[in-house]
Amino acid sequence: MERTELKETPKPLLSHITELMHRLRTVAIVLAITFLVFFALGVTTVRFAGYIVPVPYPSIYNSISDNTIRFFINHELPSGLKLININPFDPLFASFYASFYLSLFITVPVIVKEIWGFVSPGLYRHERRLLRYTVLPAFALFAAGSAFAYFIIVPFMMKFVLIYTQMLGVEPTLSLRAFVNTVISLMMVTGIAFEYPLVMSILTYIGVVAAQSWKRNWRWGILGAFIIAWMISPGTTGGVIETVIGLILSGLYFVGVAVSYTIQRKKSELGKR
């Protein structure tokens with residue numbers, strides 16, 4: 001039976017630490033390389049043999065991260081809200097934020113691969129299959145959360161700030177560093193928050209929490225959803241965005257309950273064979 005399958009021979013603690021440091025070094029190197037690519041390289045196009053070919057070239061003032069910031073400004077900043085540079089190095093820090101977000105997003109497959117390579121020798125065969133069924137949902141949920149932040153939370157928050165400052169008779173300005181940090185931070189944390197049902201499903205799959213427990217404690221699940229919404233929301237919209245995020249995460253909680261029941265039923269069917 002799969003449950004009685006032997007795991008790999010245990011290694012000494014020092015060997016585990018050495019392997020972990022090696023994998024962390026690999027992740028750090030890939031992160032550093034991709035960071036430098038986004039921070040220090042721009043992309044232009046040339047025509048070659050009748051085809052338009054993208055060609056990278058060294059550029060700090062027109063790098064990929066700079067173009068990402070310009071994209072955010074053109075699509076997320078409402079008309080009337082002005083960006084200002086408060087500190088001399090704010091544009092540089094803004095480029096750092098954008099480069100780090102892009103490099104982290106690109107490096108996620110490497111991070112998952114290295115983490116899985118480290119922990120998989122200690123898992124049973126059916127537990128190793130878990131990666132196969134979670135990678136795509138994890139990316140999809142993170143992308144959905146980031147898109148929700150980009151298309152809903154950030155525009156609503158920016159318009160709210162603009163209207164409120166105008167009502168107070170204050171010049172509606174925002175520092176470049178604060179703007180980029182807000183956009184990227186909200187996209188990251190909202191993407192992570194949308195992993196709610198996936199975490200529930202994994203806990204049920206590995207036998208930590210039964211599906212009946214998720215259903216029985218749904219009130220706590222909704223409370224947790226609104227606590228997460230309160231933690232990740234910008235806090236400048238009078239509770240509107242917090243409520244919307246809380247309702248969406250509550251819906252995702254019940255999706256997690258349904259998926260957990262499906263997983264538990266399939267595991268029960270396999271156990272009877």
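The values are calculated or read from the model by the stated rules, or taken from the named source; none is laboratory data. Note that this is a predicted model, so its numbers are computed, not measured. Neighbour counts run over all protein chains shown; Cβ positions are idealised from the backbone, glycine included. Surface accessibility is based on the protein's heavy atoms, side chains included, excluding ligands, DNA and RNA. Shrake-Rupley method; radii C 1.70, N 1.55, O 1.52, S 1.80 Å.
Most tightly packed first, judged by the mean number of other beta-carbon atoms within 10 Å of their residues, the peptides 103-110, 54-61, 187-194 read 187-194, 103-110, 54-61. Cα-based radius of gyration for the range 69-116, normalised by 2.2 N^0.38 Å, reads 1.59. Residues in the chain average 61 Å² of solvent-accessible surface per residue, probe 1.4 Å, ligands and nucleic acids excluded.
The per residue volume of the convex hull around the alpha-carbon atoms of the chain is 195 Å³. The number of Lys pairs in the chain with C-alpha atoms less than 23 Å apart, excluding pairs fewer than 8 positions apart on the same chain, is 6. Using Cβ point charges alone (K and R +1, D and E -1), the dipole size of the chain about the Cα centre works out to roughly 1100 debye.
Cα-based radius of gyration for the range 15-121, normalised by 2.2 N^0.38 Å, reads 1.40.
How far is the Cα center of the range 167-202 from the Cα center of the range 14-53, in Å? The two parts, judged by their Cα centres, are 26 Å apart. The gain in end-to-end length when the Leu136 to Phe151 segment is fully stretched comes to 3.2 nm, 0.36 nm per residue minus the alpha carbon separation. Within the accessible area of the chain, the carbon and sulfur atoms contribute 71%, probe 1.4 Å, all protein chains present. Looking at the chain alone, DSSP beta bridges between its own residues are antiparallel in about 75 percent of cases. Can you work out the FRET efficiency for the pair Val110 and Val208, with r the C-beta to C-beta distance and R0 = 30 Å, to the nearest 0.05? Calculated value: 0.65. Residues in the range 176-185 carry Karplus couplings, in order, of 4, 5, 5, 5, 5, 4, 5, 4, 5, 4 Hz; the curve used is 6.51 cos²θ - 1.76 cosθ + 1.60 with θ = phi - 60°, and Gly or Pro positions show x.
Under 5 Å from the amide H of Ser175 lie the amide H atoms of Ile84, each residue being 5 or more positions distant or on a separate chain, with H modelled from the backbone and absent for Pro and chain starts.
Counted over the range 182-273 with a bin width of 5 Å, the fraction of Cα pairs per bin, in whole percents, is 3, 15, 22, 20, 15, 11, 8, 4, 2, 1, 0, 0.
A full extension of the chain between Phe48 and Leu92 corresponds to an added length of 12.4 nm, given 0.36 nm per residue minus the alpha carbon distance. Of the residues Phe156, Gly169, Leu252, the one whose Cα sits farthest towards the positive end of the charge dipole of the chain is Leu252 (charges of +1 on Lys and Arg Cβ, -1 on Asp and Glu Cβ, taken about the Cα centre).
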